[in-house]
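Asks: There's a structure below that I have some questions on.
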């Protein structure tokens with residue numbers, strides 16, 4: 001019992017989501033009364049009509065450490081929700097579901113019916129007994145409580161996007177991916193070169209006029225709706241932030257400059273065409289920059305911020321690339337010694 005208590009204390013002290021997922025499945029294998037063939041923690045990703053299962057942690061009984069899908073996994077390679085009827089039913093109804101047949105599968109919904117965002121799937125030779133089910137349910141409650149604390153500290157209270165203070169750590173993690181082993185216990189990570197990663201800064205045009213003319217409550221509603229449009233426009237593994245006021249940041253992965261510009265242009269157009277209650281139509285200016293080897297959060301933000309500042313000074317409602325502006329002589333490229341400046 002003391003080992004279990006220490007394990008729960010360790011789990012509840014974690015502030016990294018990947019480490020938390022891994023700690024949960026390891027704790028389940030070590031302390032639940034019945035032996036498991038595998039324990040898999042699944043996240044529900046995508047929009048209604050095309051949702052997929054992303055594996056956050058998968059622990060097989062004869063392996064020392066869990067594995068997971070890569071941070072920047074291709075959405076189209078993930079299994080569809082409808083291809084796993086038992087998972088789909090559990091996610092729809094909430095609670096727990098026992099599948100029929102051998103081996104036995106027991107599914108635990110993460111969240112109540114209608115708000116399920118993931119599942120825990122346990123495969124075993126025999127159906128779980130009551131003691132094991134109770135143990136799993138209790139550990140999942142603790143896991144969800146810790147997740148709630150992380151949400152409180154990492155998300156903007158108004159828009160529920162990531163907040164500014166999480167940016168540095170997420171920047172380093174998101175721009176590195178697993179080695180071919182895909183093991184996280186002793187990660188061998190490397191930077192992806194070739195301009196695959198992009199940082200974009202979004203600024204709402206004339207937002208002060210919105211607050212002055214319609215009041216801050218309507219201004220807050222605009223911010224919430226912009227966040228909603230961002231979620232609908234970008235992929236599930238893109239990092240979306242509100243940095244404060246009317247400024248938003250996106251960390252994303254695209255193959256080329258043209259791809260990155262196209263994604264951001266589609267978002268700009270979507271905002272321009274959206275009818276905002278009471279206000280009508282507003283626009284956004286967007287600046288973006290590719291990340292370089294050994295880049296820093298401050299340097300990357302500074303480049304994208306220069307591009308959005310240029311966009312706002314040259315007509316607004318447009319998407320500008322920092323590298324393209326430098327190549328055209330419109331901006332002077334930042335010197336290496338200035339890239340170490342912290343923007344906080």
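The values are calculated or read from the model by the stated rules, or taken from the named source; none is laboratory data. Note that this is a predicted model, so its numbers are computed, not measured. Cβ sites come from the backbone with ideal geometry, for glycine too, and all protein chains shown count toward neighbours.
Asks: With 219, 244, 215 as the choices, which residue is out of contact with any strand residue (DSSP E or B) (no Cβ under 8 Å at 6 or more places or on another chain), loosely packed, with under 15 Cβ neighbours inside 10 Å, within 20 Å of residue 308 (Cβ to Cβ) and assigned by TED's automatic domain parsing to the domain that holds residue 281?
Replies: None of the other options fit; the residue is 244.
Asks: Can you find a residue in the range 55-65 that is modelled with pLDDT under 90, in contact with a strand residue (DSSP E or B) (Cβ under 6 Å, 6 or more places away or on another chain) and not in a helix (DSSP H, G or I)?
Replies: No, every residue in the range 55-65 fails to be modelled with pLDDT under 90, in contact with a strand residue (DSSP E or B) (Cβ under 6 Å, 6 or more places away or on another chain) and not in a helix (DSSP H, G or I).
Asks: I would also like to ask the following. Looking for whichever is over 30 Å from residue 172 (Cα atoms) and assigned by TED's automatic domain parsing to the domain that holds residue 129 here; the options are 66, 79, 103. Which one fits?
Replies: 103
Asks: Mind listing whichever residues of the range 278-305 are crowded, with 19+ Cβ neighbours inside 10 Å and closer than 22 Å to residue 225 by Cα?
Replies: Taking the range 278-305 and keeping what is crowded, with 19+ Cβ neighbours inside 10 Å, we get 282, 284-291, 295, 297, 299-305.
282, 284, 285, 286, 287, 288, listed by residue number.
Asks: For the range 1-43, give me each residue that is part of a strand (DSSP E or B) and surrounded by 20 or more Cβ atoms within 10 Å (Cβ to Cβ).
Replies: 39, 40, 41, 42
Asks: Among the residues of the range 69-87, write down those that are within 25 Å of residue 253 (Cα to Cα) and touching a helix residue (DSSP H, G or I) at 6+ places or on another chain (Cβ under 7 Å).
Replies: 71, 81
Results for (1) assigned by TED's automatic domain parsing to the domain that holds residue 224; (2) more than 24 Å from residue 224 (Cβ to Cβ); (3) surrounded by 19 or more Cβ atoms within 10 Å (Cβ to Cβ); (4) touching a strand residue (DSSP E or B) at 6+ places or on another chain (Cβ under 8 Å), shown as yes or no for each residue.
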| position | (1), (2), (3), (4) |
| --- | --- |
| 258 | yes, yes, no, no |
| 261 | yes, yes, yes, yes |
| 276 | yes, no, no, no |
| 307 | yes, yes, yes, yes |
| 316 | yes, no, no, yes |
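Asks: Quick one: count up the residues across the range 134-144 that are touching a residue at least 24 places away in the same chain (Cβ under 8 Å) and either touching a helix residue (DSSP H, G or I) at 6+ places or on another chain (Cβ under 6 Å) or more than 14 Å from residue 119 (Cβ to Cβ) (or both).
Replies: 4
Asks: Is there a residue in the range 70-92 that is within 17 Å of residue 127 (Cα to Cα), without any contact (Cβ under 8 Å) to a residue 60 or more places away in the chain and part of a loop (DSSP other than H, G, I, E, B)?
Replies: Checking the range 70-92: not a single residue is within 17 Å of residue 127 (Cα to Cα), without any contact (Cβ under 8 Å) to a residue 60 or more places away in the chain and part of a loop (DSSP other than H, G, I, E, B).
One line per residue, one yes/no per condition, for (1) in contact with a strand residue (DSSP E or B) (Cβ under 7 Å, 6 or more places away or on another chain); (2) assigned to a loop (DSSP other than H, G, I, E, B); (3) crowded, with 19+ Cβ neighbours inside 10 Å:
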site: 102; (1), (2), (3): no, yes, no
site: 105; (1), (2), (3): yes, no, yes
site: 112; (1), (2), (3): no, yes, no
site: 119; (1), (2), (3): yes, no, yes
site: 127; (1), (2), (3): yes, yes, no
site: 131; (1), (2), (3): no, no, no
site: 134; (1), (2), (3): no, no, no
site: 141; (1), (2), (3): no, no, no
site: 157; (1), (2), (3): no, yes, no
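Asks: Tell me which residues, restricted to the range 42-52, are touching a residue at least 40 places away in the same chain (Cβ under 8 Å) and touching a strand residue (DSSP E or B) at 6+ places or on another chain (Cβ under 7 Å).
Replies: 42, 43, 44, 45, 46
Asks: Of the conditions (1) out of contact with any strand residue (DSSP E or B) (no Cβ under 9 Å at 6 or more places or on another chain); (2) assigned to a loop (DSSP other than H, G, I, E, B); (3) surrounded by 14 or more Cβ atoms within 10 Å (Cβ to Cβ), residue 229 fails just one. Which one is it?
Replies: (2)
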